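K.L.:
The structure under discussion is supplied below as structure tokens; questions concerning it will follow.
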Amino acid sequence: MADWNPELYLRFRAQRTQPTRDLASRIQASTPRSILDVGCGPGNSTAVLKELYPKARILGIDRSESMIEAARSRNPDIEFLRLDASTELGTLGSKFDIVFSNACIQWIDHHELLIPSLYELLEVGGELLIQLPYNHTESAKYSIGTVRKRESWRERIGALEPLTYLSIPEYYRILSALSSDFDIFTITYVHTMPSVDAIVEWYRSTGLRPYIDALGSDAEAFIDEYRAELEKSYRPMEDGNVLFPFPRLFMTARRRM
């Protein structure tokens, strides 16, 4: 997969950062000494953590070199490291009071292994906090699959399905095996977008990226068909804006004493 585009991702900075603030509001520790931000992206989530806990040692990690470069440029007072959370967590060599991951783990397979590996990075009494988009039944995400399955694209794209989601009962089983102090909940954010084109731009930097990479010069034709599908589901309001509901799943767990 081609590297991430930080500028495109940050066109919707406010909408993408609000879930970070809502996840961080669930941190119970008043003065954590060390925080790991897994999948920090361009550093917007890490900056929120620094704002809340200025005295903590905060480390942001991401597998994308361009995202790490953008994070360092925007936040020179925070430590960032290029690291792949799917394979390299064991190289960190330290434990943390808070392990925080906002909108990252959906890009990593085998959550039944990943979540316990994140939990193992906690100090005793530490807290794991995870948020991931949980919009796979929403039209904006579902429509990607509708277009992908058409005969004109099916052969070229094949079985490509880059995002990983488990059911809420499956996440319950994972967390309950780790801790007796955990929580799972959802929030649906209703974003006001100026047009369907804005929803397309939102997905260009995330859910559409693997298809754009796979299709190369034909990607715009795929996106045109995707836009047409969106127009069936997202009708303008009286003022011309389009409502864009976006559910997200939140999970928290405290490490047993």
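The values are calculated or read from the model by the stated rules, or taken from the named source; none is laboratory data. Keep in mind it's a predicted model, so treat the numbers as computed, not measured. Don't worry about glycine lacking a Cβ; one is built from the backbone with ideal geometry, like all the others, and counts go over all protein chains shown.
K.L.:
Can you tell me how many residues within the stretch 51-81 are exposed (fewer than 15 other Cβ atoms within 10 Å of the Cβ) and either basic (Lys, Arg) or within 18 Å of ARG21 (Cα to Cα) (or both)?
P.N.:
3
K.L.:
Pick out the one residue from GLU225, GLU220 that is over 22 Å from PRO133 (Cα atoms), among the charged types (D, E, K, R), surrounded by 14 or more Cβ atoms within 10 Å (Cβ to Cβ) and modelled with pLDDT of 90 or more.
P.N.:
None of the others qualify; the one that does is GLU225.
K.L.:
Has the stretch 208-228 got any residue that is part of a helix (DSSP H, G or I), more than 17 Å from the chain's Cα centre (by Cα) and closer than 30 Å to PRO169 by Cβ? So that I can check it myself, show each step before the final result.
P.N.:
Restricting attention to the stretch 208-228, the residues satisfying the condition of being part of a helix (DSSP H, G or I) are 209-228.
Those left that are additionally more than 17 Å from the chain's Cα centre (by Cα): 211-228.
Okay, now just the ones that are also closer than 30 Å to PRO169 by Cβ, so 211.
The answer is yes; a qualifying residue exists.
K.L.:
Select from the stretch 48-62 the residues that are in a helix (DSSP H, G or I) and either touching a residue at least 60 places away in the same chain (Cβ under 8 Å) or of a type outside the set (A, V, I, L, M) (or both) and list them in ascending order.
P.N.:
LYS50, GLU51
K.L.:
For the stretch 82-98, what are the residues that are farther than 20 Å from THR206 by Cβ, without any contact (Cβ under 8 Å) to a residue 60 or more places away in the chain and among the polar types (S, T, N, Q)?
P.N.:
THR87, THR91
K.L.:
Mind listing just one residue for me: the one in the stretch 99-153 that is in contact (Cβ under 8 Å) with a residue 60 or more places away in the chain and among the aromatic types (Phe, Trp, Tyr) and, of those, nearest to SER25 (Cα to Cα)?
P.N.:
PHE100
K.L.:
Still on this structure: Please enumerate the residues belonging to the stretch 1-57 that are within 17 Å of MET67 (Cβ to Cβ), of a type in the set (Asp, Glu) and at pLDDT 85 or above.
P.N.:
Hit for the stretch 1-57 is ASP37, nothing else.
K.L.:
Right, something else. Condition first: part of a strand (DSSP E or B), surrounded by fewer than 21 Cβ atoms within 10 Å (Cβ to Cβ) and modelled with pLDDT of 95 or more. Can you find one or more residues in the stretch 111-124 that meet it?
P.N.:
The answer is yes; a qualifying residue exists.
K.L.:
Can you run down the residue pairs with Cβ atoms below 7 Å, 6 or more apart or on separate chains, where the first is in the stretch 63-81 and more than 21 Å from TRP107 (Cβ to Cβ) and the partner is in a loop (DSSP other than H, G, I, E, B)?
P.N.:
Pairs found: ARG74/PRO42; ARG74/GLY43; ASN75/GLY43; ILE78/GLY43.
K.L.:
Between a residue in the stretch 173-184 that is over 15 Å from LEU122 (Cα atoms) and any residue that is of a type in the set (Asp, Glu) and at pLDDT 95 or above, which pairs come within a Cβ distance under 6 Å, given they are 6 or more apart or on different chains?
P.N.:
ILE174/GLU112
K.L.:
Among the residues of the stretch 70-95, what is the count of those that are touching a strand residue (DSSP E or B) at 6+ places or on another chain (Cβ under 9 Å) and outside any loop (DSSP other than H, G, I, E, B)? Before you say what the answer is, go through the steps one by one.
P.N.:
Just the residues of the stretch 70-95 that are touching a strand residue (DSSP E or B) at 6+ places or on another chain (Cβ under 9 Å), to begin with: 71-72, 75, 78-85, 88-89, 92, 94-95.
Then keep just the ones that are outside any loop (DSSP other than H, G, I, E, B); that gives 71-72, 79-82, 89.
Going through the stretch 70-95 one residue at a time, the tally reaches 7.
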